[in-house]
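Visitor: Quick one: the structure is below, and I'll ask about it shortly.
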Amino acid sequence: MTLPPLNPVYAGLGTTIFTTMSALAMETGAINLGQGFPETDGFPEVREAAARALMQASNQYAPMKGQGALLEAVADFYGRTQSLTLDPAKNVLITSGATEALAAAVFSLIAPGDEVIVFEPHYDAYAPLIARAGGVVVRVRLNPPDWRFSEAQLAEAFSPRTRMVMVTTPNNPTTRLIPPEDWALLARFCVAHQACVVSDEVWEQVVFDGARHHGVLNAPELAELGVKIGSAGKLFALTGWKVGFVCASERLVTQMAKAHQFLTFATPPMLQTAVAFGLRLPDSRFAEEAAALQRSRDLLRAGLETEGFQTLPSEGTYFLNIDLPRSGIALDGQSFALRAVQEAGVATIPLEAFCAPGGEPLPVIRLCFAKSDATLNRGIDRLRTARRLLT
Ligand code: GLN
């Protein structure tokens, strides 16, 4: 029997690197420093609020654009923490996770043939979403240790067909924050080309060493072009919840809501109630969480450096990256990651997984430190073994 052809966008794709590495870790009993999720469950007070809402409030469809209490909580939270002025009824949309928000942005803001600029290495979902929407992915390659784009790179990447730029700050996997001067440079190109900026800011509260997050809506020139995407998963260390927020001009929110209504339509009501509660927790509660993660980062970094690994700066996110050549390891990231999980019992993520296949080499691996001290110490031991076996 001949079977119908399937959509070619997915033809060359396997499961995501995160799923692949987590499965290998399970299979081999490896310490999993690959997929980015916290080892212990997130904010208990937020989980309790969800449990109460599950039993005491409605479990039927929530409003398509989000529950009123959550829309208000999102606007207030960003007013308080990032000095943004948002009208909850006009400038906010609740989605089923940041990934749905990304899909709604790409599907509703570009048309087939439009070019979308992404900065490589970039989060794995971006390119397949753009391709599925008929867009053309234009890659700008960034390099360690600063991972910054230059004016010359932007001048080369932008064209009359550029309709969108996708950025991530704090960045997964590079961990760097976009500084205000880089926002100003990017804004100049976006305004000149009338290109939207979809800014994935899910890690906005996970920043270290007193750094300050600057998001797309903090650049006044981008008020009409910027789409800010946030996520309860990272704010409350509850990555399984999949509750995302979009903040943008009324025009863009209205347009994105049209895509959202046919993607997931609405988001589970008990989770929205709990996230609204969580967003009203004091700033000190979020600071406590970031400080604990910073401690974990420092523990992992110190342990790795003692073992002779060279790490790259980690400004935010759950991740710390190792520079393989500077650590004396002459393998590409993919080979190191596969051998480390199979031969040394530790799962990691190669940064090549965030790049188009066949591009310039990027021998860097990503480790997740949102783990207990015991797990991190076991991970360091296993990486010591990996280094011994693989140098
Ligand atoms: N955001 C997570 C990471 O970077 C992965 C999410 C997923 O598995 N799709 O590790």
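What follows is calculated from the coordinates using simple rules that are stated; it is not laboratory data. Bear in mind that the values here come from a model prediction, so they are computed numbers and not experimental data. Positions of Cβ are backbone-derived with ideal geometry, glycine not excepted, and every protein chain shown enters the neighbour counts.
Visitor: Multiply the residue gap between residue 39 and residue 59 by 0.36 nm, knock off their C-alpha separation, and tell me the result in nm, one decimal place. Mind dumping the intermediate values first?
Guide: Details: separation 20, 0.36 × 20 = 7.20 nm, distance 2.88 nm.
Extra length from residue 39 to residue 59 when fully extended: 4.3 nm.
Visitor: Return the whole-Å distance between the Cα centroid of the range 1-64 and the Cα centroid of the range 85-126.
Guide: Distance between centres, Cα-based: 19 Å.
Visitor: Shifting gears a bit: Calculated from DSSP H runs of 4 or more alone, at -39500 (n - 2.57) each and per residue, what is the 222 nm mean residue ellipticity of the chain, nearest 500?
Guide: Details: 14 runs with 162 residues, N = 391.
Dividing the helical sum by the residues of the chain leaves -12500 deg cm²/dmol.
Visitor: Among 331-338, 149-156, how do they line up from the highest to the lowest mean number of other beta-carbon atoms within 10 Å?
Guide: By packing density, highest mean first, the sequence is 331-338, 149-156.
Visitor: For each pair in 65/228; 90/234; 228/371, compute the distance between the two Cα atoms and list the pairs where it is over 21 Å.
Guide: Values: 65/228 16 Å; 90/234 24 Å; 228/371 28 Å.
Listed pairs above 21 Å: 90/234; 228/371.
Visitor: Connecting C-alpha atoms closer than 10 Å in a GNM of the chain, tell me which of 65, 228, 258 has the biggest fluctuation.
Guide: Highest fluctuation among the options: 258.
Visitor: Could you tell me whether the range 84-134 comes out rounded, prolate or oblate from its Cα gyration tensor? Rule is a ≥ b ≥ c as square roots of the eigenvalues, rounded for a/c under 1.5, then prolate if a/b exceeds b/c, otherwise oblate. Don't skip to the end; give the middle numbers.
Guide: On the way: a/c = 2.07, a/b = 1.74, b/c = 1.19.
The shape class here is prolate.
Visitor: Using a cut-off of 11 Å between beta-carbons, work out the net charge of the residues near residue 370 (Lys and Arg +1, Asp and Glu -1, residue 370 not included). It would help to have the intermediate numbers written out before the result.
Guide: Details: positive: 234, 297, 371; negative: 39, 289.
That works out to +1.
Visitor: While we're looking at this one, here's another question. Which shape class applies to the range 175-318: rounded if a/c is under 1.5, otherwise prolate when a/b exceeds b/c and oblate if not, where a ≥ b ≥ c are the square roots of the Cα gyration tensor eigenvalues? Please list the in-between numbers first.
Guide: Numbers: a/c = 2.28, a/b = 1.30, b/c = 1.75.
It comes out oblate by the Cα gyration axes.
Visitor: Just to confirm a number: summing +1 for Lys and Arg and -1 for Asp and Glu over residues other than residue 140 whose beta-carbon lies under 13 angstrom from that of residue 140, what do you get? Present the calculation step by step, with values, prior to reporting the outcome.
Guide: On the way: positive: 139, 141, 148; negative: 115, 120, 151, 156, 182, 360.
Computed value for this residue: -3.
Visitor: So how do 81-88, 12-19, 260-267, 244-251 stack up, highest first, on mean other-Cβ count within 10 Å? Please report the intermediate quantities before stating the final value.
Guide: Details: 81-88: 15.2, 12-19: 12.6, 260-267: 17.6, 244-251: 22.9.
Ranking the peptides 81-88, 12-19, 260-267, 244-251 by packing returns 244-251, 260-267, 81-88, 12-19.
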